[in-house]
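The values are calculated or read from the model by the stated rules, or taken from the named source; none is laboratory data. Computed from a predicted model, the values in this text were never measured in an experiment. Here Cβ is always computed from backbone atoms with ideal geometry, including for glycine, and neighbour counts include all displayed protein chains. These accessible areas exclude ligands, DNA and RNA; they are computed on the full protein's heavy atoms, side chains included. Shrake-Rupley method; radii C 1.70, N 1.55, O 1.52, S 1.80 Å.
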Amino acid sequence: MQATQFGEILLLEYPSNMEMNLATFRISEFFEGDLKGKKFTTDQFIEGWSDEDGNMDIFEYNGKYLSYFAYWDGLNFTKKSLDKFTVKFALELSAREKEVIRAARKSSYIIALTENGAESTRRHEFSHSFSFTDKVYKTNVFEIVESIPQELRDKFVSGLDGMGYTIGDPAYENEEIHAYLVGYDEKEYESFFPLIQPEEVAPYVASIGEIYGKKESEVLV
């Protein structure tokens, strides 16, 4: 694991999806998964993500079925959530989790990525960190998201719902729509948002991308 500090933001980079997910899967699920805020064992996690035959091949992406540990190439969580996780799992922390906790001592937001991960994932995850740490950035990108016509927004929300996001909170939906616009990848949109055509999102990708690019040039130096 390589740790790089960008002000309040900590970037953790791992050599593979497997390494990243072994270190962070419980932290991530505690932060925003189906087990959000709950204490759970590895056995309980495996049971929750496996079918009755014990298969964890539950993500269909580009015609392939991928396991939890192969699918994710990036994730994010707040230091506040990590602190809560540390207290709740205090007597059961793995060596990998302890390494994350030590690295994050001076951070308010943590991003984990794999070295061979997609550039769109990197932009997506950093967009969340910018929204959390910069109120001006968040206000500006939310204004763009909220200008999206309802018909197009409904297509975004349908896609988020299909990916397992908890929909219904407009602010949360704004956050995720903004992050997908920042990390726009036409091929991924075909899988994640099949109802959306590239020309529909092009103006919003451009305007949000300009704001993101300026922030990126300020922070990632």
Q: Go through 82-88, 72-78 and give me the packing order, highest mean Cβ count within 10 Å leading.
A: 72-78, 82-88
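What value, in deg cm²/dmol to 500, does the helix sum -39500 (n - 2.57) over DSSP H runs of n ≥ 4 give at 222 nm once divided by the residues of the chain?
When only DSSP H runs of four or more count, the value is -18000 deg cm²/dmol.
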Q) If you take every DSSP beta bridge whose two residues both sit in the chain, what share of them, in percent to the nearest 5, is antiparallel? A) 70 percent
Q | Solvent-accessible area per residue, Å², over the chain with all protein chains present [probe radius 1.4 Å] | A | 52 Å²
(Q) Can you work out the Karplus-derived ³J(HN,Hα) for every residue in the stretch 173-186? Use 6.51 cos²θ - 1.76 cosθ + 1.60 with θ = phi - 60°, whole Hz, and x for glycine or proline. (A) 4, 4, 4, 6, 4, 4, 5, 6, 5, 4, x, 3, 9, 4
Q: Let me have the relative contact order for the stretch 1-96, percent, based on Cα pairs under 8 Å that are six or more residues apart.
A: 26 percent
Q) Around TYR109, which amide H atoms from residues at least 5 apart in sequence, or from another chain, sit under 5 Å from its own amide H, with H modelled in the peptide plane? A) LEU10, LYS79
Q) Let a ≥ b ≥ c be the square roots of the eigenvalues of the Cα gyration tensor of the stretch 14-103; is it rounded (a/c under 1.5), or, if not, prolate (a/b larger than b/c) or oblate? A) prolate
Q. Carbon and sulfur: what percent of the stretch 1-102's accessible surface (1.4 Å probe)?
A. 49 percent
**Q.** Percent of Cα pairs exceeding the 18 Å cut-off, where the set is the stretch 89-147
**A.** 54 percent
(Q) Starting from the Kirkwood Rh over alpha-carbon pairs, what translational D in µm² s⁻¹ does the chain have by Stokes-Einstein at 10 °C and 1.306 mPa s? (A) 87 µm²/s
(Q) Per q in 0.09, 0.17 Å⁻¹, report the Debye log10 I(q)/I(0) for the stretch 77-207, using one uniform scatterer on each alpha carbon and no solvent. (A) -0.32, -0.97
Q | Rel. contact order, % - alpha carbon contacts under 8 angstrom, at least six apart, the chain | A | 22 percent
Q: Determine Rg/Rh for the stretch 12-60; Rg is computed over alpha-carbon atoms and Rh is the Kirkwood hydrodynamic estimate from the same atoms.
A: 0.99
Q. LEU10: net charge of surrounding residues, Cβ under 14 Å, Lys/Arg +1, Asp/Glu -1, itself excluded?
A. 0
Q. ³J(HN,Hα) across the stretch 88-102 via Karplus (A = 6.51, B = -1.76, C = 1.60, θ = phi - 60°), whole Hz, x for Gly/Pro?
A. 5, 9, 3, 8, 10, 6, 7, 4, 5, 5, 4, 5, 4, 4, 4
(Q) With +1 assigned to the C-beta of every Lys and Arg and -1 to the C-beta of every Asp and Glu, and no other charges, what is the dipole magnitude of the chain about the Cα centre in debye, to the nearest 20? (A) 1240 debye
Q) Going by alpha carbons, how many degrees (0 to 90, nearest 10) lie between the helix axis of 17-32 and the longest principal axis of the chain? A) 80 degrees
Q | Phi-based couplings in Hz for the stretch 108-114 (Karplus 6.51, -1.76, 1.60; Gly and Pro marked x) | A | 10, 9, 10, 10, 10, 9, 9
Q) Too long at a 21 Å Cα-Cα cut-off: which of LYS79/LYS138; LYS98/LYS135; LYS38/LYS138; LYS64/LYS155; LYS138/LYS214; LYS38/LYS84? A) LYS98/LYS135; LYS38/LYS138; LYS64/LYS155
